[in-house]
Amino acid sequence: MEALCRAYWQPLYVFARRKGYSPEDACDLTQGLFADLLTREGFAKADPNRGRFRTFLLASMGNHLSKHAEQQSAQKRGGGVLPISLDAHEGEDFFQLESGERFEPERLFDRRWAQQLSKLALDRLGDETDLEGVPGRFERLRRYLLAEPEPGAYETTASELGLSVNGVKTAVRRLRLRFGAILREEVARTVAEPGDVEDELGYLLSVLSAP
């Protein structure tokens with residue numbers, strides 16, 4: 001549950017920011033939501049048969065904001081103990097980059113959700129690759145996971161890694177397959193039924209590819 005909170009706090013933070021709250025208030029409200037859900041066992045209300053985890057959290061945040069009549073301290077809401085420690089800087093950086101008028105709060109939430117799950121998958125893939133004991137390999141190959149190489153790029157990377165061009169292509173192909181498998185696992189943790197994974201994964205990829 002803590003891992004899910006860490007994955008979802010930034011999407012909820014930018015949702016609150018897009019609703020007009022200051023950075024401090026948005027962070028405070030996001031912390032307060034998780035404190036309320038955990039201390040009141042609110043996550044038990046997330047009926048697996050009624051939708052996806054991101055949908056439940058977004059609805060919960062909407063209700064949380066609508067009930068927020070005035071600023072409350074984290075001490076009062078969470079009893080002085082927050083379930084997780086949040087650093088708002090990264091979330092705020094994303095908000096400043098993506099906060100154009102064309103993005104409504106719900107869409108901004110979805111964009112950050114898709115990016116966060118992708119980052120979790122990339123971090124896991126990087127950890128696995130580092131265990132293979134080839135320094136710098138993943139950092140040089142990760143650029144090819146979500147985009148096709150520019151002309152000559154594989155040749156440059158092959159020279160940097162001491163591999164053949166075919167060796168680089170093979171390594172990229174394996175990384176892409178493993179990245180897809182890890183991303184599917186991350187998505188599967190947020191849906192109730194195995195049959196929902198492909199739909200949610202397809203939605204995530206559509207959000208990432210949207211302009």
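Some points to look at:
- Low-density loop positions, GluC sites (Glu not before Pro), the stretch 130-211 - DSSP coil, at most 15 other Cβ in 10 Å: 132
- For the listed peptides 23-33, 58-68, a ranking on the average number of other beta carbons within 10 Å per residue, highest first, reads 23-33, 58-68.
- Residue-wise HN-Hα couplings along the stretch 109-119, as the Karplus relation 6.51 cos²θ - 1.76 cosθ + 1.60 with θ = phi - 60° gives them from phi, are 4, 4, 5, 6, 4, 4, 5, 5, 5, 5, 5 Hz; Gly and Pro carry x.
Since every read-out is calculated from the coordinates, none of them should be taken as a lab result. Please read these numbers as outputs of a predicted model, since none were measured by experiment. Because the Cβ atoms are built from the backbone with ideal geometry, glycine has one as well, and the counts that use them run over all protein chains shown.
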